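No lab work stands behind these numbers, since they all come straight from the coordinates. Everything numeric in this text was worked out from a predicted model, so none of it was measured. Here Cβ is always computed from backbone atoms with ideal geometry, including for glycine, and neighbour counts include all displayed protein chains.
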């Protein structure tokens, strides 16, 4: 019998949470298979993730000198305004919390926050602003579209950036073939989440047909592809043509009409809660019974608040285990005290705290005191980040050659909204 891989939650913890071990074993096995398959691929196999042989592009590593008494600056690229502020602001706050009361060889840590709007344009703009600030590293971007748009800028400057929440496959398996050596992520990519959702849809929800609605950015398109391939491979059928929408879309009437005509067992939504809220309201006005499944971009308290009763019965997933343990409890207590917000109101806050911690730990190892000034070799910093072996608030973190987290094949956790709250699906 398969047991949970190293880095996953202990079996006793899962029993105490009342979670079905059979289901968690299945998802953990799928995740392990995905990681092994990716690890066996070459540098242009398109599988996403994996620690096999890769070819890096040229990064513009330099040595940064920080004057005596000046702070060490770390960038934060997140959504700080607009409809997705409820996702990005908690992530930014968690990253900054990691630097509270800490320094780098006597130099204070200063976080430079820039709004990336969870878009490609915003990600590129935020990167340009952050890189003008003489930062040594950055947390983010938090959305995959922003990551893809910003990677070349960080690479050109040799500035390592660690995303707490980008799950699309593309950032670690870029179209150019060469892997970006300055990009890392704490969360797991959608080569794990998509297949787990497909298995859940088929085995737990009994869905034989699915209709896909997706955000056209890198995150939505990537999750669409991962779910579709796994669902079809498992014997399911995609009905209708997957329908894309742009961010800030509010009118989904034509898509809902097409869904009604297709009569699917399940509507699969690959996007964020800002668009999922009006979509599910319009969907429920037309069909109260069709099942709704979405990923981490929707799993947020802002969704349950905005959608209200129409969110009841919706299924959501996170590419993460149920978080527990001393490191998570210590983080959660500190986060709630510092921000006044619940630790689980928004996803990826623990991952963001860990992303900043990874950077701070590496800085303390490579920074050199030069008569009061601080010298930081960005290449050595990048190498030290890649050596990370951390039992963090979000779990085990250990990066592979592509920058994916290969710390352990953790379960994808499924939730159903019941009485306005997220209940773990057993």
With a/c under 1.5 counting as rounded, go ahead and sort the stretch 83-157 into rounded, prolate or oblate using the C-alpha gyration tensor (a ≥ b ≥ c being the square roots of the eigenvalues; past the cut-off, prolate if a/b is larger than b/c, else oblate). oblate
Could you work out how far apart the two model spin labels at residue 261 and residue 370 are, taking each label as a point 7 Å from the Cα in the direction of the beta carbon, and quote it in nm? 6.7 nm
Which residue fluctuates the most in the chain, going by a Gaussian network model with Cα springs under 10 Å, if the choices are 256, 148, 412? 256
Gyration tensor on Cα atoms of the stretch 260-378, a ≥ b ≥ c root eigenvalues, a/c under 1.5 rounded, else prolate if a/b beats b/c, else oblate, says prolate
Relative to the longest principal axis of the chain, what angle (0 to 90°, nearest 10) does the C-alpha long axis of helix 190-203 take? 20 degrees
Please give, to one decimal in nm, the separation of the simple spin-label points placed at residue 208 and residue 129, each 7 Å out from Cα toward the Cβ. 5.2 nm
Mind checking the angle between helix 218-233 and the chain's longest principal axis? C-alpha axes, 0 to 90 degrees, to the nearest 10. 50 degrees
Pairing the Cα long axis of helix 273-286 with the longest principal axis of the chain, what angle in degrees results, from 0 to 90 and rounded to the nearest 10? 0 degrees
A student applying the Cα gyration tensor rule (rounded when a/c is under 1.5; otherwise prolate if a/b is larger than b/c, oblate if not) would label the stretch 190-318 rounded
Have a look at 371, 220, 69 and tell me which one the Gaussian network model of the chain (Cα, springs below 10 Å) gives the largest fluctuation. 371
How many percent of DSSP beta bridges within the chain run antiparallel, rounded to 5? 40 percent
Residue 285/residue 324 FRET efficiency (R0 30 Å; Cβ-Cβ; nearest 0.05): 0.20
At a threshold of 8 angstrom on Cα-Cα distance, excluding pairs fewer than six apart, so keeping six or more, what relative contact order does the chain reach in percent? 22 percent
Residue separation between residue 178 and residue 55 times 0.36 nm, minus their alpha-carbon distance, gives in nm 43.8 nm
For the chain, built as a Gaussian network whose Cα springs stay under 10 Å, the top-fluctuating residue of 413, 167, 250: 250
Using P(r) over Cα pairs in 20 Å bins from 0, in percent as the read-out, say which of (i) 28, 59, 13, 0; (ii) 22, 52, 23, 3, 0; (iii) 22, 33, 21, 17, 7, 0 was calculated from these coordinates. (i)
